[in-house]
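Chemist: My questions will all concern the structure given below.
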Amino acid sequence: MDLPPSSVDAHVCTYECTFCTACVTRLSNVCPNCGGGFTPRPVRPSREWRAGLSVALRPGSTARVHTPYTEAELDEFVDRVKGVPPAER
């Protein structure tokens, strides 16, 4: 799923790994890369409220990055971490 800068369906972890809402739910709020929790990603303003700062002038990346882990590895990792509150990970 593409998550453009205007998407309200995007969530990020503390390292800014980005996942959609369905994936965050499937992963039990466990980032499969770092083990952190997720929070909604802010939407980048489309309007240039300050000179030089807008999604039109500084677009987000369009490159997709896929996890190197298998479904089994993801499940094992999530099962190990999901019982620990994000603030204690």
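Chemist: Please find, among Gly83, Gly35, Gly52, the residue that is at positive phi, free of Cβ contacts under 8 Å to residues at least 12 places away in the same chain and out of contact with any Gly (no Cβ under 8 Å at 6 or more places or on another chain).
Modeler: Gly52
Chemist: Take Ser7 and decide whether it is buried (at least 16 other Cβ atoms within 10 Å of the Cβ), among the hydroxyl-bearing types (Ser, Thr, Tyr), under 18 Å from the mean Cα position of the chain (by Cα) and in a loop (DSSP other than H, G, I, E, B).
Modeler: yes
Chemist: Of all residues in the stretch 60-88, how many are part of a loop (DSSP other than H, G, I, E, B), under 17 Å from the mean Cα position of the chain (by Cα) and surrounded by 10 or more Cβ atoms within 10 Å (Cβ to Cβ)?
Modeler: In the first step, residues of the stretch 60-88 are kept if they are part of a loop (DSSP other than H, G, I, E, B); the result is 60-70, 82-85.
Retained after the next criterion (residues that are under 17 Å from the mean Cα position of the chain (by Cα)): 60-69, 82.
With surrounded by 10 or more Cβ atoms within 10 Å (Cβ to Cβ) added as a condition, the list becomes 60, 67, 69, 82.
Summing the residues that are part of a loop (DSSP other than H, G, I, E, B), under 17 Å from the mean Cα position of the chain (by Cα) and surrounded by 10 or more Cβ atoms within 10 Å (Cβ to Cβ) in the stretch 60-88 gives 4.
Chemist: Ok, one more. Can you tell me how many residues within the stretch 10-59 are over 16 Å from Arg89 (Cβ atoms), surrounded by 15 or more Cβ atoms within 10 Å (Cβ to Cβ) and polar (S, T, N, Q)?
Modeler: Qualifying residue count, the stretch 10-59: 3.
Chemist: For the stretch 34-59, how many residues are modelled with pLDDT of 95 or more, farther than 15 Å from Ser6 by Cβ and not in a loop (DSSP other than H, G, I, E, B)?
Modeler: Result for the stretch 34-59: 1.
Chemist: Please enumerate the residues belonging to the stretch 46-89 that are under 18 Å from Thr14 (Cα atoms) and touching a Lys or Arg at 6+ places or on another chain (Cβ under 6 Å).
Modeler: Once the filter is applied, which keeps residues that are under 18 Å from Thr14 (Cα atoms) and touching a Lys or Arg at 6+ places or on another chain (Cβ under 6 Å), the stretch 46-89 yields nothing.
The values are calculated or read from the model by the stated rules, or taken from the named source; none is laboratory data. The shown structure was predicted, so the numbers you read here are calculated from the model rather than taken from an experiment. When we count neighbours, we look across all protein chains shown, and the Cβ atoms used for this are built from the backbone with ideal geometry, even at glycine.
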